[in-house]
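Visitor: If you scroll down you'll find the structure; I have some questions about it.
The values are calculated or read from the model by the stated rules, or taken from the named source; none is laboratory data. None of the values given here were measured: they were computed from a predicted structure. Glycine gets a Cβ as well: all are built from the backbone with ideal geometry, and neighbour counts include every protein chain shown.
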Amino acid sequence: MITGTSQQIREQFEHCLAIIRQASLEILLLLNVKVTDGKDPRWFLEQLDQARLSLGGWANVAQRLNLNDAQMSRFTLHLRHLQQWVPQYENGQEVSHHQLIVALRFVTELEYLQQKQPLLTFCAPEDATQNEQQRAQGQLRTLELTLKALIAQAWPDPVRLNNQLKIQFGADNVRRWLKLGERNDILSGMRFSELALMLVDKKEFARHYAPLFSDPATLSLFVEPRATLQHFLEDCRQIRNRVIAGQPLSLAQRALLDHYSQQIIGPIQQAWARGQTRVNPAAFMTPQAEEELEDFWQNARKKDKLSGGDHSEISDSIERPDTRRKRSAQERDRLISVTLWALVGVTVLGMCGGGLWMINQSSAAPQASVPGPAVSSKVEREPASPREQLTSMGINWDTNNLRSAIDRNDAQVTQLFLRGGMNWKLSWTEAAHAAGNDKVLSLLLRYRLQMDERRPCRRFMTTLGSAMAQGDALTSLRKEYLRTFCTAPAVVERQRYDTAQAKKRAMAQPDAQNKKWLAIQTAIYNEVR
């Protein structure tokens with residue numbers, strides 16, 4: 001699969017769609033949903049949502065598919081993105097580059113799912129020639145060397161670069177990179193995800209790299225070029241990990257690399273031709289001898305093994321390390337326990353001292369001791385704690401049980417968990433918002449201080465935007481959640497920027513899709529500002 005004419009793009013897309021339809025039949029069969037024919041992505045998403053309701057939540061769906069929560073969330077997000085771009089398709093219909101990329105991305109997700117769940121057999125392994133594999137490896141090499149060259153151009157002074165990396169990532173990471181990298185080249189010791197993060201971080205991208213990707217014809221799959229670049233590089237990281245592991249790349253993965261090379265390398269090459277940058281990607285694309293390319297990947301595998309592998313997803317921005325180490329949950333519980341026992345000890349000593357003082361006072365003034373009536377006291381049994389009540393109901397004290405209670409709108413069990421002190425995360429409310437579980441959502445707002453998810457708004461607002469794109473309304477509860485958790489200055493500024501970018505795209509290409517996204521981003525921004 002390589003990019004070409006519209007006829008070739010349509011054939012590639014229809015091949016992807018055939019795989020998706022066959023996969024939907026097998027996946028739904030695993031979820032006890034019997035269907036006879038696979039249809040369009042929107043139909044697949046609707047059937048998957050019905051399976052979620054019948055099985056009692058996404059956690060049970062993930063268990064059937066051998067996925068964890070994060071993997072299940074990623075799978076559904078890819079499917080929602082596909083049905084957003086391709087709700088329906090008829091043979092012979094024109095297909096855009098964006099629609100093909102979205103279909104290819106979902107096929108790679110299906111291939112990953114097939115690895116996790118051996119019962120799925122919809123996609124047979126495809127043989128590729130050695131030249132095709134080497135070409136893909138060369139594209140990954142060109143992309144990695146281009147990222148390093150861009151960062152080196154933005155930070156030409158090695159001392160300033162090292163100091164900046166210490167501020168952004170911490171001294172421990174800098175020492176590790178210097179140890180793994182070549183002499184006087186800290187970038188050679190960084191993982192691919194860390195190099196990519198240096199590019200897609202909000203501040204770094206706006207400061208150094210945004211002018212290189214200003215062409216509206218490229219990196220426009222998502223609402224802004226930086227977000228598109230982040231998703232594309234994340235896919236490249238996963239493909240690179242397969243090369244590191246010595247596994248052959250699938251047809252869909254090689255096709256994605258072709259598209260990503262055009263979308264990422266192409267604008268940089270054009271900027272070099274215009275004199276806007278000194279980085280020339282063509283210099284890294286020169287035909288390499290087989291031994292030289294193999295040496296590059298052997299060195300990459302060696303560094304990957306020493307660094308423990310590149311398993312971290314490329315995040316939205318660099319999270320700077322805290323100057324003071326945070327206590328773990330066990331340490332906090334231990335500190336609270338010690339403090340409470342110290343208070344008990346001080347109270348007991350005070351009571352003993354008061355008793356001795358009263359005895360001394362009574363002995364100093366002798367009086368006839370008149371026996372009084374015996375006082376009988378009835379010890380009242382304390383009410384059962386929330387944890388004890390949950391145990392009596394046969395429910396273990398576990399975060400998964402709280403998530404399940406939220407998904408099925410069980411306010412009684414949810415309240416017991418919250419009264420017992422269990423924290424919750426904003427991402428756990430996605431299914432509840434989609435199902436309109438107002439009772440449990442209102443209850444969670446009463447325990448808003450126990451929401452401990454760090455930087456939850458990016459995912460929440462992205463999911464909300466996708467839901468609104470599918471026709472869901474911005475309900476009063478969703479507005480309340482936005483105003484409660486997403487009004488921090490940094491979040492408001494980011495949403496203001498996203499809204500401005502959506503407005504620019506709607507002006508540059510005033511189609512129905514861009515206008516819809518502008519209306520969605522504006523509605524969210526009006527609630528958080």
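Visitor: Which ones in segment 492-509 are buried (at least 18 other Cβ atoms within 10 Å of the Cβ) and in contact with a Lys or Arg (Cβ under 8 Å, 6 or more places away or on another chain)?
Guide: Result: R494, Q495, A506.
Visitor: Inside segment 178-204, can you point out the residues that are without any contact (Cβ under 8 Å) to a residue 24 or more places away in the chain and either buried (at least 21 other Cβ atoms within 10 Å of the Cβ) or in the same structural domain as Y497 (by TED's automatic domain parsing) (or both)?
Guide: The answer is M190, and nothing else.
Visitor: Could I ask something else about it? If you check F222 against the conditions, is it of a type in the set (F, W, Y) and crowded, with 20+ Cβ neighbours inside 10 Å?
Guide: For F222, the condition - of a type in the set (F, W, Y) and crowded, with 20+ Cβ neighbours inside 10 Å - is not met.
Visitor: While we're looking at this one, here's another question. Restricting to segment 405-429, name every residue that is within 17 Å of L482 (Cβ to Cβ) and touching a residue at least 40 places away in the same chain (Cβ under 8 Å).
Guide: Within segment 405-429, L426, S427, T429 qualify.
Visitor: Identify the residue in segment 250-270 that is buried (at least 20 other Cβ atoms within 10 Å of the Cβ) and among the aliphatic types (A, V, I, L, M) and, among all such residues, is nearest to Y209 (Cα to Cα).
Guide: Only one residue tops the list, namely I268.
Okay, residues lined up against (1) under 17 Å from H97 (Cα atoms); (2) outside any helix (DSSP H, G or I); (3) touching a residue at least 40 places away in the same chain (Cβ under 8 Å):
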{"site": "L221", "(1), (2), (3)": "yes, yes, yes"}
{"site": "R226", "(1), (2), (3)": "no, no, no"}
{"site": "C236", "(1), (2), (3)": "no, no, yes"}
{"site": "R240", "(1), (2), (3)": "no, no, yes"}
{"site": "V243", "(1), (2), (3)": "no, no, yes"}
{"site": "Q253", "(1), (2), (3)": "yes, no, yes"}
{"site": "H259", "(1), (2), (3)": "yes, no, yes"}
{"site": "Q263", "(1), (2), (3)": "yes, no, yes"}
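Visitor: Which of the following residues is farther than 23 Å from T487 by Cα and either within 25 Å of the chain's Cα centre (by Cα) or in the same structural domain as Y481 (by TED's automatic domain parsing) (or both): L402, L444?
Guide: None of the others qualify; the one that does is L402.
Visitor: Return a yes/no flag: does segment 473-483 have any residue that is in contact with a helix residue (DSSP H, G or I) (Cβ under 8 Å, 6 or more places away or on another chain) and over 27 Å from Q83 (Cα atoms).
Guide: yes
Visitor: Right, something else. Can you tell me which residue in segment 281-311 is nearest to the chain's Cα centre (by Cα), limited to those that are at pLDDT below 85 and part of a loop (DSSP other than H, G, I, E, B)?
Guide: Looking at residues that are at pLDDT below 85 and part of a loop (DSSP other than H, G, I, E, B), I get M285.
Visitor: Across segment 18-58, which residue is farthest from R408 (Cα to Cα) among those that are among the small types (G, A, S) and in contact (Cβ under 8 Å) with a residue 60 or more places away in the chain?
Guide: Of everything passing the filter in segment 18-58, A23 is farthest from R408 (Cα to Cα).
Visitor: For the condition farther than 28 Å from D472 by Cα and part of a helix (DSSP H, G or I), what is the one hit in E111, E46?
Guide: Answer to the check: E111.
Visitor: Let me ask another. Here is a list of conditions, (1) polar (S, T, N, Q); (2) assigned to a loop (DSSP other than H, G, I, E, B); (3) over 21 Å from G38 (Cβ atoms), and Q93 meets all of them except one; can you say which number that is?
Guide: All conditions are met except number (3).
Visitor: Name every residue in segment 388-403 that is among the β-branched types (V, I, T) and either surrounded by fewer than 16 Cβ atoms within 10 Å (Cβ to Cβ) or within 20 Å of N68 (Cα to Cα) (or both), in order of residue number.
Guide: Across segment 388-403, the qualifying residues are T391, T399.
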